[in-house]
Amino acid sequence: MTTFRARRGFTLIELLIVVVVIGILAALAIPKFRETKGKAYAGTLKSDLKNLASMQEDYFYYNESYANSTSLLSFAGTNGVTITIVEADGRGWSATSTHPAAYPLTCAVFYGQAAPVASATAEGIIHCQ
């Protein structure tokens with residue numbers, strides 16, 4: 001009389017099929033994750049420019065001119081974001097924001113009679129490209 005043992009575990013084929021399915025799912029998910037990450041960086045750049053605009057208006061109220069440096073505003077942007085004030089005087093100001101992980105994305109805005117910056121096309125509207 002022969003006795004059979006109960007088979008335990010998975011076969012190599014079953015394990016390979018599971019690995020292939022996980023690989024396919026990862027291949028579909030990774031591009032979506034990158035897209036979401038890019039949108040997050042764009043939101044951060046826009047947010048910093050909006051905060052800069054508020055601080056510029058506050059500075060203008062007391063000094064009748066816009067600040068040409070973020071240090072005059074005591075502006076502390078998001079970690080890694082570089083804000084550059086391109087032009088600032090009593091008539092208006094313009095600025096750009098970038099982040100190394102979001103390259104080549106650059107956001108820009110201008111107010112008043114300042115010359116429009118690269119991607120900014122309408123006054124007060126932050127535009128990224």
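The values are calculated or read from the model by the stated rules, or taken from the named source; none is laboratory data. This one's a predicted model, so the numbers in the text were calculated from it and none came from an experiment. Because the Cβ atoms are built from the backbone with ideal geometry, glycine has one as well, and the counts that use them run over all protein chains shown.
Quick check on my filter: what residues within the stretch 50-86 are under 17 Å from Cys107 (Cα atoms), touching a Gly at 6+ places or on another chain (Cβ under 8 Å) and of a type in the set (S, T, N, Q)?
Asn51, Thr70
If you take the residues of the stretch 6-46 that are without any contact (Cβ under 8 Å) to a residue 60 or more places away in the chain and hydroxyl-bearing (Ser, Thr, Tyr), which of them is farthest from Cys128 (Cα to Cα)?
Among those residues, the one meeting the criterion is Thr11.
Looking only at residues that are farther than 15 Å from Asn51 by Cα and touching a Phe, Trp or Tyr at 6+ places or on another chain (Cβ under 6 Å) in the stretch 88-122, which one is surrounded by the most Cβ atoms within 10 Å (Cβ to Cβ)?
Result: Ala120.
For Arg91, only one of the following conditions fails: (1) closer than 20 Å to Thr44 by Cα; (2) at pLDDT 95 or above. What is its number?
All conditions are met except number (1).
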